[in-house]
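Visitor: What follows is a structure written as structure tokens; I'll ask about it next.
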Amino acid sequence: MTNARPVSPPSAAVGCPPGRGRWLPRAWGAAALVLSLLAPVLAGAQVAPGSVARPASAAADGPATPRPWPPLLQELLEASLDDPETSLADVRRRLKVLKPTGDPEPAFWLAIAAARLEILLEADAEATASLKLARRHVEASPRPSAAMSQWLEYMELRHRVITEGSTEALGALVSARGRLRIDPASVLGCEWDETESWLLREMGSLDEAWRASEALERCGVATGWPHFRAQALSDRANVAGLAGTLGLAASGGAGPVAAERVAQLFEEAYAAVGPGQGRFLRSLVAYSAGTTLTQMDRPVEAARQLARALAASRALSDRAGIAAALTAQATLDVRQGRHPEALQALAEAEPVLRQMGTGTTSRLMALYTTRLLSLAALERRAELPVAIAGALALREQGVQPAVREKLARAVAAAQAVLGRHATAYEWMQRAHGLAEQSRSIASGAQVLRLQTLYDSSRREAELAALRHAEETTRLSLQAQQATARTLWAALVAAVALVAGAGAVGWRQWERRREMAELALRDTLTGLANRRAIEAYARAQFDQAQRLKLPFTVALIDLDHFKDINDRHGHATGDAVLRAFAQAVPGLLRAPDRLGRWGGEEFLLVLPGTTQHELPGLFQRLRGAFAATPVPGLPVPHGRSFSMGGAESGADGAGLDALVEAADRRLYQAKAAGRDRLG
């Protein structure tokens, strides 16, 4: 019962990238009409492997008829949404008593069902064993069905995504989706959207997670299964709470309108589950609501939702849910200054997590983060060393940098209470590095998903163009043997097909251009992103080395940027970043280039510039930034920045070493009081 796992029922295969169906521009409506009139003489469209056709009885404009699952999984669907522990026990019992026959398919579906439930309940070792059993059954089958192969590949990818959580796992997930070409309006496509939404949210790529949740809601409506819509609403509310998608108040934190909208989305998700079976899914929605509202500083609503989640998990004997709800309640207690109550909840949660074994490292890390913060706040110096040792004993493999960053900050706070200030400083430095790593992973995940979806769309466009060309040739041959009337109809069809092919080509060119811009430009500031500015710096550095010209880089960091976000809200923080991005380029020469390096840091590339010219440039930039108005801040806004620069020398050091030198001087500037050049 946690938002650390995808919660929809299992699926087997993948869907196409969302939003790809409407590729014809409005101007080609007449051509599409001609094609529809000539449809009886054209070849029928092929159904993608693994997709499920809409039942013939479904009304064209009425509510969607629920698309079917494989029989065994549909049989277990409602039970798994209501009580997965009982469902898993039933599946394991049926596996034991299953009589060996010449057909391995029944045992395969039972193994897949067991793996899905074990993943849901965070029993990773058992899920691994069940998936190995399912693969043995596929290999033992003389002719495994396409559905068996697709389910197995999807479940193995799902398990990898959950246990690994890396950009490599995301790449495998998205590329397999394009390769298998599953109907995006099928239960298989819904499952893929749900898994992508969860992983992107865990990796901090919130824009892409929001798009995946929108695709999941559309898919849920198309398939007619309400739990998909419930999960989509819950995911969207969670992302909105994390990223301030619905807006932030100027006083800091989530504003009342945003918080009310997020709470409303969670209630809609809760209601979408329906009044019947679905206790487990409702507990998941309540847990997600509680953790999100905690982060939005809505303690009353958060406490109510977490109490609802904990009560449901206890009723179901859901160990993962009980531990997660207790840890979340402790986090809320810490925010409210109720540290003894937080420690009591954590003491109950830890034995439950230890009993579960594998798959709980992230939860234990969150538990120790909260424990260290409470012990440090209460100044229990005698207990802190044991808690620190327990935190350091946790393995970090497969845990997202954002989770490790929070633990590092908690360890730093504990070390400071113990008077170990040098060690505390080292842990804060480590937390800073993990924060940068987390931002890099989020950015990389977004670029990777967009690039993969673009490649898939390009392949689809190329295949569509080939199909259109083949159809044009066929119609041309028919026209030679037909009467004048048939010839006329064939010519009209050929024109329509050529127009469609032209539309595909135009759209393909537009997509390539849009994707190139997305891959090289920071969407918030309009500057070059890290990938683009680094590529430009390397090219200019190599040229300067060849021509023996001076070359300087400077790293710029906005001072007290966290204070801006905390006091005025993230919207104002974004406005400060945009103001800086607007102020600087007008003072640069043609070859100079400014790019966003990450967070509130910028990299300035200065070909043909020596380090001695930096003081004058710093003062000009300082004055321009001070004069640039920032919405949400007074005039003048009084914000400043620190800068560190380094010039290439004759020592043969590369660009990376040059940037590191600039970074060291930047930290010297900040240590010396900020608002200066290092």
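Visitor: Pairs, please: C-beta under 9 Å, at least 6 apart or cross-chain, first residue closer than 15 Å to residue 110 by Cβ and in the stretch 134-151, second assigned to a helix (DSSP H, G or I) and among the hydroxyl-bearing types (Ser, Thr, Tyr)?
Guide: So the pair list comes out as 138/149.
Visitor: Now a separate question. Hey, can you tell me all the residues within the stretch 220-243 that are touching a Lys or Arg at 6+ places or on another chain (Cβ under 9 Å), closer than 24 Å to residue 182 by Cα and outside any loop (DSSP other than H, G, I, E, B)?
Guide: Once the filter is applied, which keeps residues that are touching a Lys or Arg at 6+ places or on another chain (Cβ under 9 Å), closer than 24 Å to residue 182 by Cα and outside any loop (DSSP other than H, G, I, E, B), the stretch 220-243 yields 220, 221, 222, 223, 230, 232, 235.
Visitor: Starting from the stretch 524-539, keep only residues that are in a loop (DSSP other than H, G, I, E, B), then list their pairs with residues that are among the acidic types (Asp, Glu) whose Cβ atoms are within a distance under 9 Å, requiring at least 6 positions of separation or different chains.
Guide: That search, which allows pairs on different chains as well, returns 524/574; 525/574; 529/522.
Visitor: To continue, here is another question. Give me a count of the residues in the stretch 615-652 that are of a type in the set (D, E, K, R) and within 18 Å of residue 563 (Cα to Cα).
Guide: 1
Visitor: Right, here's the next one. Against the condition assigned to a helix (DSSP H, G or I), out of contact with any Lys or Arg (no Cβ under 8 Å at 6 or more places or on another chain), basic (Lys, Arg) and at pLDDT 90 or above, how does residue 409 come out, does it pass?
Guide: yes
Visitor: Considering each of 604, 594, 577 in turn, give the residue that is within 24 Å of the chain's Cα centre (by Cα), of a type in the set (A, V, I, L, M) and either within 12 Å of residue 525 (Cα to Cα) or part of a strand (DSSP E or B) (or both).
Guide: 577
Visitor: So which residues in the stretch 186-205 are assigned to a loop (DSSP other than H, G, I, E, B) and either more than 23 Å from residue 439 (Cβ to Cβ) or touching a Phe, Trp or Tyr at 6+ places or on another chain (Cβ under 9 Å) (or both)?
Guide: 186 - this is the single residue of the stretch 186-205 that is assigned to a loop (DSSP other than H, G, I, E, B) and either more than 23 Å from residue 439 (Cβ to Cβ) or touching a Phe, Trp or Tyr at 6+ places or on another chain (Cβ under 9 Å) (or both).
Visitor: Could you grab me the full set of residues in the stretch 345-368 that are free of Cβ contacts under 8 Å to residues at least 60 places away in the same chain and buried (at least 16 other Cβ atoms within 10 Å of the Cβ)?
Guide: 345, 346, 349, 350, 352, 353, 361, 364, 365, 366, 367, 368
Visitor: Let me ask something else. Restricting the search to the stretch 196-238, which residues are of a type in the set (Val, Ile, Thr) and surrounded by fewer than 24 Cβ atoms within 10 Å (Cβ to Cβ)?
Guide: 221
Visitor: Which one of these does residue 664 not meet: (1) in contact with a helix residue (DSSP H, G or I) (Cβ under 7 Å, 6 or more places away or on another chain); (2) charged (D, E, K, R); (3) assigned by TED's automatic domain parsing to the domain that holds residue 592?
Guide: (1)
Visitor: What about residue 593, is it basic (Lys, Arg), farther than 20 Å from residue 646 by Cβ and at pLDDT 90 or above?
Guide: No: the conditions fail for residue 593.
Visitor: Additional query: Considering only the stretch 116-124, I want to know if a residue exists there that is among the small types (Gly, Ala, Ser), part of a helix (DSSP H, G or I) and either touching a Gly at 6+ places or on another chain (Cβ under 6 Å) or closer than 30 Å to residue 323 by Cα (or both).
Guide: no
Visitor: Scan the stretch 158-168 for residues that are part of a helix (DSSP H, G or I) and either farther than 23 Å from residue 397 by Cα or touching a residue at least 24 places away in the same chain (Cβ under 8 Å) (or both) and report the count.
Guide: The qualifying residues number 7.
Visitor: Considering the stretch 340-372 alone, what residues qualify as being among the aliphatic types (A, V, I, L, M), more than 27 Å from the chain's Cα centre (by Cα) and under 17 Å from residue 393 (Cα atoms)?
Guide: The answer is 372, and nothing else.
Here is a yes/no grid of residues against (1) out of contact with any Pro (no Cβ under 7 Å at 6 or more places or on another chain); (2) hydroxyl-bearing (Ser, Thr, Tyr); (3) at pLDDT 90 or above:
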position	(1), (2), (3)
277	yes, no, no
283	yes, yes, no
290	yes, no, no
332	no, no, yes
337	yes, no, yes
340	yes, no, yes
357	yes, no, no
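The values are calculated or read from the model by the stated rules, or taken from the named source; none is laboratory data. Source: prediction; values computed, not measured. Here Cβ is always computed from backbone atoms with ideal geometry, including for glycine, and neighbour counts include all displayed protein chains.
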